[in-house]
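Novice: Please find one structure pasted underneath; my questions will follow.
The values are calculated or read from the model by the stated rules, or taken from the named source; none is laboratory data. Keep in mind it's a predicted model, so treat the numbers as computed, not measured. Because the Cβ atoms are built from the backbone with ideal geometry, glycine has one as well, and the counts that use them run over all protein chains shown.
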Ligand SMILES: [Zn+2]
């Protein structure tokens, strides 16, 4: 992967314009539009870390992962009074309908003025600096959403056709659990300690969008700290954790 990018850089005297797939792992179909990010190897290794986790857990799907690294990524919330869409800048996002991951580039002003693993839910500066290592782990998080959705859709075609997609809370549980599992041990321990090592979840009903939305990063650490997290991981993929209403 590195050789390919290097040769393109030499030919074109600037790698930033060579958007497209230069990330390969076995027979998986990985496409990354790198945008202006200078850390292409990190993006690729973040994707592969998630795929390896699924492989090690016994899922031998041939995955398709599409990532666009953009200078800015927005989500939109409706203003209750005017009905207008309010843009909110975010770190990364996975769209299950299009199987598309949008990821904020590393090193932008936005990324340098907020933190990751925020210990205070509504304070975007209460966590730790977004290093390349943490940025890479968010790629793993978003990729895990894509892989979990693909496996769930393969295993539960009847439920999907009836509008029972993988539950948002279950998908977040999986994404955070894999993100922290694949984070270097010393950094992972620092993250967990910054939240005072919270109790893991004891009921699958905690895996719902409201609990996640209330304190997303604490939800993430609790997901990792859940005792039987691998059992829940398999159960979620097999459609046994349904905490959302059907989308019909
Ligand atoms: Zn997520």
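Novice: Mind listing just one residue for me: the one in segment 187-213 that is part of a helix (DSSP H, G or I) and surrounded by fewer than 12 Cβ atoms within 10 Å (Cβ to Cβ) and, of those, farthest from the ligand (Cβ to nearest atom)?
Specialist: Of segment 187-213, the ones part of a helix (DSSP H, G or I) are 187-194, 204-206, 209-213.
From what's left, surrounded by fewer than 12 Cβ atoms within 10 Å (Cβ to Cβ): 193, 205, 210.
Values: 193: 22, 205: 19, 210: 15 Å.
Across segment 187-213, the extreme among qualifying residues is 193.
Novice: For the structure I just gave you, tell me whether residue 134 is within 16 Å of the ligand (Cβ to nearest atom), out of contact with any helix residue (DSSP H, G or I) (no Cβ under 7 Å at 6 or more places or on another chain) and not in a loop (DSSP other than H, G, I, E, B).
Specialist: Working: within 16 Å of the ligand (Cβ to nearest atom): yes; out of contact with any helix residue (DSSP H, G or I) (no Cβ under 7 Å at 6 or more places or on another chain): yes; not in a loop (DSSP other than H, G, I, E, B): yes.
Spelling it out, residue 134 is indeed within 16 Å of the ligand (Cβ to nearest atom), out of contact with any helix residue (DSSP H, G or I) (no Cβ under 7 Å at 6 or more places or on another chain) and not in a loop (DSSP other than H, G, I, E, B).
Novice: Still on this model: Any idea which residue in segment 43-96 is modelled with the highest pLDDT, counting only those that are outside any loop (DSSP other than H, G, I, E, B), touching a strand residue (DSSP E or B) at 6+ places or on another chain (Cβ under 7 Å) and more than 18 Å from residue 138 (Cβ to Cβ)?
Specialist: 64
Novice: Out of curiosity, is residue 103 in a strand (DSSP E or B), surrounded by 15 or more Cβ atoms within 10 Å (Cβ to Cβ) and either touching a strand residue (DSSP E or B) at 6+ places or on another chain (Cβ under 7 Å) or at pLDDT below 95 (or both)?
Specialist: So residue 103 passes the test.
Novice: I need a count of the residues in segment 167-186 that are more than 12 Å from the ligand (Cβ to nearest atom) and either more than 15 Å from residue 136 (Cβ to Cβ) or assigned to a helix (DSSP H, G or I) (or both). Break it down into steps so the answer makes sense when it comes.
Specialist: First, pick out the residues of segment 167-186 that are more than 12 Å from the ligand (Cβ to nearest atom): 167, 180-186.
In the following step, the residues that additionally are either more than 15 Å from residue 136 (Cβ to Cβ) or assigned to a helix (DSSP H, G or I) (or both) were identified as 167, 180-181, 185-186.
Of the residues in segment 167-186, 5 are more than 12 Å from the ligand (Cβ to nearest atom) and either more than 15 Å from residue 136 (Cβ to Cβ) or assigned to a helix (DSSP H, G or I) (or both).
Novice: Here's another thing I want to ask about it. Test residue 116 against the stated conditions and say whether it is within 24 Å of residue 184 (Cβ to Cβ), more than 16 Å from the ligand (Cβ to nearest atom), touching a residue at least 12 places away in the same chain (Cβ under 8 Å) and touching a strand residue (DSSP E or B) at 6+ places or on another chain (Cβ under 7 Å).
Specialist: no
Novice: So how many residues does segment 214-243 have that are within 19 Å of residue 122 (Cα to Cα) and crowded, with 18+ Cβ neighbours inside 10 Å? It would help to see each step written out before you state the result.
Specialist: Just the residues of segment 214-243 that are within 19 Å of residue 122 (Cα to Cα), to begin with: 214-222.
Right, trim to crowded, with 18+ Cβ neighbours inside 10 Å and you get 215, 217-222.
Qualifying residue count for the region: 7.
Novice: List the residue pairs whose Cβ atoms are under 7 Å apart, where the first residue sits in segment 130-149 and is over 20 Å from residue 173 (Cβ atoms), the second is assigned to a helix (DSSP H, G or I) and away from the ligand (no atom under 11 Å from the Cβ), and the two are 6 or more positions apart or on different chains.
Specialist: Filtered contacts from segment 130-149: 130/111; 132/42; 133/187; 135/42; 136/42; 136/45; 136/46.
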